[in-house]
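Engineer: Have a look at the structure that comes next, please.
The values are calculated or read from the model by the stated rules, or taken from the named source; none is laboratory data. Everything numeric here is computed off the predicted structure, so don't read it as measured data. Note: ideal-geometry Cβ built from the backbone for every residue, glycine included; neighbour counts use all protein chains shown. Heavy atoms of the whole protein, side chains included, go into the accessibility calculation; ligands, DNA and RNA do not. Shrake-Rupley method; radii C 1.70, N 1.55, O 1.52, S 1.80 Å.
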Amino acid sequence: MKMALQKLFGYFVVVILCNGCQSDEPVCGKAAVSNSRIIGGQNAQQGAWPWQVYYTTSDSSCGGSLINNQWVLTAAHCINTGELNHTEVQLGAFQLNVSSSNKVTRRLSEIICHPDYNSNTFENDICLLKLSAPVNFTANIQPVCLASENSTFHDGVMSWVTGFGVTEYLIGPTANTLQEVDVPIVGINRCMCYYSDFISLLLYPADPKNYLCAGLKEGGKDSCQGDSGGPLVVQQRNSSMWVQAGIVSFGDGCALPKKPGVYTRVSQYQRWISDTVTGMKQSFVTFTSRGFDKDLNFTCATISPPTISTTPDGSIFGSGATLSNFSHFMALSVFILFLHVLVGSG
């Protein structure tokens, strides 16, 4: 009887201490170490970006982000359902050519890309990968928080991109050690202005609210070939929590002046992600930019003459996007004329 009471007392202590605990949902966006060569970048520290995923298919490699214990977020242009049995996913990877107990490898049990993804335009360039088995969270394997639909990303907000892609302009070597680079968000109005030279190639409609741009006006820092599908993250103010704002999608060349990288805007897909993911739920967090978004008052003064940079294989960005895939962004230039206020406030 005494032992039974002790057990019962212990049970109540656990219940009291864990009142309000959410043991079935992880704390997202937390790294074991503080975060301080994607092009213009540097080697990351081990454990700095524990949601980073690297995977190979039958003919390519891409990045992704872990969003719970069994699902990975990536770009739709990186993979298709035919690669289900040919894809190997690495989690906790820091150096690809070094064996480590921190690494976990999985196959895939399901590939679900957005039903409205257009392979010609890269519109809705987002995909979910279900791992063959759940992973245990460690210091080197953690889920990232996802930006909720009410998030705002003003021009100039600092973000970070990570990946194992090319570290020198377009045709350089891919990284063996995880790379990180900090780039400011570029407002959609300013971004459209920088890409207005593609307006003559307009072929398809697209919604500019589904995109984020990030990069330096002078160039020099960017994601590139092989970084596709990887995360662009921002840090919550006065917090150590990291929130994924974008997915590496496409761009004109890599790290060129006035040609920021273009990213799928995660917050626009909260409902689709929530409806698709099974098992442990992913965590959405609202990221709110401070102050006034100066992009609202941006006016495009000049239009540059058409210039198109291509890689030897004909791609225009390390993401693997071809010139035809760039057409959706040209459409954004037209849409911005009608949605200037709406887009700028989003």
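Engineer: Report yes if Gln235 is open to solvent by 10 Å² or more (accessible area, probe 1.4 Å) and either under 16 Å from Val161 (Cβ atoms) or among the hydrophobic types (A, V, I, L, M, F, W, C) (or both), otherwise no.
Structural biologist: Answer is yes for this residue.
Engineer: Test Leu216 against the criterion of being out of contact with any Asp or Glu (no Cβ under 7 Å at 6 or more places or on another chain), over 19 Å from Ser283 (Cβ atoms) and surrounded by fewer than 24 Cβ atoms within 10 Å (Cβ to Cβ), and give yes or no.
Structural biologist: yes
Engineer: Which residue, of Val248, Val262, Val266, Val277, is β-branched (Val, Ile, Thr), touching a strand residue (DSSP E or B) at 6+ places or on another chain (Cβ under 7 Å) and surrounded by fewer than 20 Cβ atoms within 10 Å (Cβ to Cβ)?
Structural biologist: Val277
Engineer: I need the full set of residues from the range 110-137 which are open to solvent by 60 Å² or more (accessible area, probe 1.4 Å) and not in a loop (DSSP other than H, G, I, E, B), in order please.
Structural biologist: If the condition is that a residue be open to solvent by 60 Å² or more (accessible area, probe 1.4 Å) and not in a loop (DSSP other than H, G, I, E, B), then Glu110 is the only one that fits.
Engineer: Looking only at the range 17-35, count how many residues are touching a strand residue (DSSP E or B) at 6+ places or on another chain (Cβ under 8 Å) and either at pLDDT 65 or above or surrounded by fewer than 16 Cβ atoms within 10 Å (Cβ to Cβ) (or both).
Structural biologist: Counting residues in the range 17-35 that are touching a strand residue (DSSP E or B) at 6+ places or on another chain (Cβ under 8 Å) and either at pLDDT 65 or above or surrounded by fewer than 16 Cβ atoms within 10 Å (Cβ to Cβ) (or both) gives 4.
Engineer: Moving to a separate point now. Could you tell me which numbered condition Asn189 fails, if it satisfies all but one of (1) in a loop (DSSP other than H, G, I, E, B); (2) over 30 Å from Lys130 (Cβ atoms); (3) among the polar types (S, T, N, Q)?
Structural biologist: (1)
Engineer: To continue, here is another question. Can you pull out the strands (runs of 3 or more DSSP E) entirely within the range 60-107 that have at least 2 residues that are β-branched (Val, Ile, Thr) and open to solvent by less than 40 Å² (accessible area, probe 1.4 Å)? Don't jump to the end; show me each part of the working.
Structural biologist: Values: elements: 61-66, 71-74, 88-91, 104-106.
Once the strands (runs of 3 or more DSSP E) in the range 60-107 are filtered for at least 2 residues that are β-branched (Val, Ile, Thr) and open to solvent by less than 40 Å² (accessible area, probe 1.4 Å), what remains is 71-74.
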